[in-house]
Amino acid sequence: QVHVVESGGGLVQAGGSLRLSCAASGSIASIDVVMGWYRQAPGKQRELVAQITSGGSTTYADSVKGRFTISRDNAKNMVYLQMSSLKPEDTAVFYCNYRRWGLYEYSTWGQGTQVTVSS
């Protein structure tokens with residue numbers, strides 16, 4: 001079992017920055033893992049914002065490319081999302097997702113952290 005907890009959300013003005021953190025604990029695999037940041041705004045579906053594999057490959061949604069950076073610290077079992085040039089449309093609950101690929105797939109979600117960007 002893996003448990004992930006997000007933190008770092010809050011209120012920020014447009015153009016500002018926030019750094020979200022995802023702390024993982026439990027039986028964390030070192031290979032075949034994808035960590036992802038998702039967000040869900042009111043009235044919208046949950047969408048993938050960014051993800052990073054155990055090998056370090058990253059993927060970003062077009063809407064955040066160039067503004068957001070996902071990174072990880074394997075030694076600390078932490079994943080981060082550095083968000084810059086924030087826009088009001090970035091306002092959403094951000095969720096961290098742990099996903100294990102392999103013979104048996106496993107996925108778990110954090111509780112979410114609110115990010116609100118004012119204009």
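The values are calculated or read from the model by the stated rules, or taken from the named source; none is laboratory data. This one's a predicted model, so the numbers in the text were calculated from it and none came from an experiment. Backbone-built Cβ (ideal geometry, glycine too); neighbour counts: all protein chains shown. These area figures cover heavy atoms from the full protein model, side chains too; ligands, DNA and RNA do not enter into them. Shrake-Rupley method; radii C 1.70, N 1.55, O 1.52, S 1.80 Å.
Can you pull out every residue in region 105-119 that is outside any loop (DSSP other than H, G, I, E, B), more than 23 Å from Gly15 (Cα to Cα) and either open to solvent by 40 Å² or more (accessible area, probe 1.4 Å) or in contact with a Pro (Cβ under 6 Å, 6 or more places away or on another chain) (or both)? Answer for region 105-119, where residues must be outside any loop (DSSP other than H, G, I, E, B), more than 23 Å from Gly15 (Cα to Cα) and either open to solvent by 40 Å² or more (accessible area, probe 1.4 Å) or in contact with a Pro (Cβ under 6 Å, 6 or more places away or on another chain) (or both): Tyr106, Ser107, Trp109. More than 19 Å from Ala24 (Cα to Cα) and free of Cβ contacts under 8 Å to residues at least 40 places away in the same chain - does that describe any residue in region 67-82? Among the residues of region 67-82, at least one is more than 19 Å from Ala24 (Cα to Cα) and free of Cβ contacts under 8 Å to residues at least 40 places away in the same chain, which makes the answer yes.
Within region 44-71, being of a type outside the set (Ser, Thr, Tyr) and modelled with pLDDT under 95 holds for Gly55, Gly56. Pairing residues of region 5-18 that are at pLDDT 95 or above with residues that are open to solvent by 60 Å² or more (accessible area, probe 1.4 Å) and part of a strand (DSSP E or B), at Cβ distances under 7 Å and at least 6 apart in sequence or on separate chains, gives Gly8/Arg19; Gly9/Gln114.
Taking the criterion of being over 30 Å from Ser119 (Cα atoms) and assigned to a loop (DSSP other than H, G, I, E, B), would at least one residue in region 75-87 satisfy it? Yes: region 75-87 contains one or more residues that are over 30 Å from Ser119 (Cα atoms) and assigned to a loop (DSSP other than H, G, I, E, B). Candidates are the residues of region 8-25 that are part of a strand (DSSP E or B) and open to solvent by 60 Å² or more (accessible area, probe 1.4 Å); the one that is nearest to Ser118 (Cα to Cα) is Gln13.
Scanning region 90-104 for residues that are open to solvent by 40 Å² or more (accessible area, probe 1.4 Å) and touching a residue at least 24 places away in the same chain (Cβ under 8 Å) returns Arg99, Arg100, Trp101, Gly102.
Checked across region 36-56, the condition of being open to solvent by 20 Å² or more (accessible area, probe 1.4 Å), aliphatic (A, V, I, L, M), within 15 Å of Gln114 (Cα to Cα) and assigned to a loop (DSSP other than H, G, I, E, B) holds for at least one residue.
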